[in-house]
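Below is one structure, written out as structure tokens; comments come after it.
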Amino acid sequence: MDVADLRAKIRDIKDFPTEGVLFKDITTLLKDGPAFRRVVDLLAERYQGERVDVVVGIESRGFIFGGALAHQLKAGFVPVRKLGKLPGKTIEVEYELEYGRDALAIHEDAIRAGQRVLAVDDLLATGGTMAATLRLIQQLGGHVVGVAFMIELGFLHGRDKLKNYPLHSLIIYD
């Protein structure tokens, strides 16, 4: 199964979550066992040569790929969540969305200084969420070895906000 086959399994939903947005629905790919496995395998292959200590996944679909990648890479998994969702002491960062502001949190003991971190999410749009996540990783002293996405909406230029990091996307919509 190649990338074109995987791309064909992603469903477009018009006007979701708001009018004028063409949403890339990955649930149609996720429910296909071989397709889901292929996505995880392709992403994992990209980072097999890197020593990855921790995979950071962003709420919520980043958890799906992040957990599976952590398993494949024999690394730990760390969730980055919206405010108020993690117990214990956290650090937070606020960031701009295309439609307002939001904030993310990570446990303050989730990453040790010097650990090698792969940051993962399902989709790169404007890059704001991942840029905020990378700030959290750096505040904890993590070394970002890669930033990975299943899908990139290239026409939104989110890659520009992440240009200082090695970035990989499996499927790019221009």
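The values are calculated or read from the model by the stated rules, or taken from the named source; none is laboratory data. This one's a predicted model, so the numbers in the text were calculated from it and none came from an experiment. Neighbour counts run over all protein chains shown; Cβ positions are idealised from the backbone, glycine included. Only protein heavy atoms, including side chains, enter the accessible area calculation; ligands, DNA and RNA are left aside. Shrake-Rupley method; radii C 1.70, N 1.55, O 1.52, S 1.80 Å.
Listed by first and then second residue, the pairs linking a residue in segment 4-17 that is under 27 Å from Arg37 (Cα atoms) to a residue that is among the polar types (S, T, N, Q) and in a helix (DSSP H, G or I), with Cβ atoms under 8 Å apart and 6 or more places separating them unless they lie on different chains, are Lys9/Thr28; Ile10/Thr28; Arg11/Thr27; Arg11/Thr28. Of the strands (runs of 3 or more DSSP E) that lie entirely inside segment 77-174, those containing 1 or more residues that are surrounded by fewer than 14 Cβ atoms within 10 Å (Cβ to Cβ) and among the small types (Gly, Ala, Ser) span 100-107.
Scanning segment 65-75 for residues that are under 17 Å from Asp122 (Cα atoms) and crowded, with 19+ Cβ neighbours inside 10 Å turns up Phe65, Gly66, Ala68, Leu69, Ala70.
In summary, Ala125 fulfils each of the numbered conditions (1) under 18 Å from Ser169 (Cα atoms); (2) out of contact with any Asp or Glu (no Cβ under 8 Å at 6 or more places or on another chain) with the single exception of condition (2). Within segment 119-156, the set of residues being without any contact (Cβ under 8 Å) to a residue 40 or more places away in the chain and over 18 Å from Gly100 (Cα atoms) comprises Leu134, Gln138, Gly141, His143, Val144, Val147, Phe149, Glu152, Gly154, Phe155. Looking at segment 1-47, none of the helices (runs of 4 or more DSSP H) lying wholly inside it contains 2 or more residues that are in contact with a Cys (Cβ under 9 Å, 6 or more places away or on another chain), open to solvent by less than 40 Å² (accessible area, probe 1.4 Å) and not small (Gly, Ala, Ser). Here Gly57 clears all of (1) open to solvent by 10 Å² or more (accessible area, probe 1.4 Å); (2) part of a strand (DSSP E or B); (3) touching a residue at least 12 places away in the same chain (Cβ under 8 Å); (4) not hydrophobic (A, V, I, L, M, F, W, C) except the condition numbered (1).
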